[in-house]
Amino acid sequence: MSTFHAAAMAAAIAAKLPFGFPVLPTPSTDPGATGTAVVVAFSGAPGASIAIQVADTAALDDGSSDRQLSDRLHPAFEAAVAVLGAGTLGEGEETDAASVFSDAGVQVFDLVREDGSTVARAAIRIDDARAAASTAGPVRLSRIAGVEMELVVEIGRTRLPVRDVLSLEPGHVVELDRAAGSPADITLNGRLIGHGTVVVADGDFAVRVERIIDQAGTD
């Protein structure tokens, strides 16, 4: 499955959900789900199945609490499938979330607010993902060009006991799990997309991209 396209669709959903606060999509570490979700099917080249589950519908800030949840979420579904191009978006239906979120080929994203709480979740399955990777060009992606995605450069990490963390002071050196000179990891919304070298540009740290990982054909 195309990780990039699924991440772009999740970002589009996050940008369009009618919350009164910003939310950011992050790959879920728990693909399971309980309760219900709104699911739509998209017929196109490629097609897709998309499900959105809102933790608390009272948090939706669109002044339309009397409308069907599927109607209130429709703009988010439209924004998501804009990544894939022309096609037909079906009607939203509420269904058991467990069966949708655990379906083969699905990528699950938690939609989290600034305090780290999960306010919604999205399950995305792109059908004929190879077609998505080859046909979803700049014109289609330009429809969500204004959606912000979190790019992180990581030079290494380590694990420390609580006693060592509490004893940290200015001047202490913490060893990381990576040798000096090794490439840094580049992640997009929590998913590894490439490797690069940390450099200095105009007095600021920057990253020179050395390699982009092709995940278009993986699940």
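Once each of the GluC sites (Glu not before Pro) sitting in a DSSP loop with at most 15 other beta-carbon atoms within 10 Å is removed, the chain keeps 1-90 as its longest stretch. Between the helical axis of 69-81 and the longest alpha-carbon principal axis of the chain there is an angle of about 60 degrees. Residues Asp110, Asp66, Asp164, Asp127, ranked from the fewest to the most other C-beta atoms within 10 Å, line up as Asp66, Asp164, Asp127, Asp110. Backbone geometry of the stretch 151-167 corresponds, through the Karplus equation with coefficients 6.51, -1.76 and 1.60 at θ = phi - 60°, to 3J(HN,Hα) couplings of 9, 10, 10, 10, 8, x, 8, 7, 10, 10, x, 4, 5, 6, 5, 5, 8 Hz, x marking Gly and Pro.
On full extension, the segment bounded by Asp62 and Ile213 gains 50.5 nm, given 0.36 nm per residue less the C-alpha separation.
Prolate is the label for the chain. Its Cα gyration tensor axes, ordered a ≥ b ≥ c, give a/c of at least 1.5 and a/b above b/c.
Determine the shape class of the stretch 152-212: with a ≥ b ≥ c the square roots of the Cα gyration tensor eigenvalues, call it rounded for a/c under 1.5, and otherwise prolate if a/b is greater than b/c, oblate otherwise. Prolate shape, in that a/c is at least 1.5 and a/b is the bigger ratio. Its DSSP H runs of at least 4 residues, each contributing -39,500 (n - 2.57), put the calculated 222 nm mean residue ellipticity of the chain at -6000 deg cm²/dmol, to the nearest 500. One chain, two ends: Glu91 and Val165. Fully extended at 0.36 nm per residue, the span grows by 21.5 nm beyond their Cα-Cα distance. Remark: the stretch 7-24, residue by residue, has Karplus-estimated 3J(HN,Hα) of 5, 5, 5, 5, 5, 5, 4, 4, 6, 9, 4, x, 9, x, 8, x, 10, 10 Hz, where x stands for each Gly or Pro and the curve is 6.51 cos²θ - 1.76 cosθ + 1.60 at θ = phi - 60°.
Bear in mind these aren't lab numbers, they're just calculated from the coordinates by the rules spelled out. Computed from a prediction, not measured in an experiment: that's the story for all the values here. Counting neighbours? That spans all protein chains shown, and the Cβs are built from the backbone with ideal geometry, glycine included.
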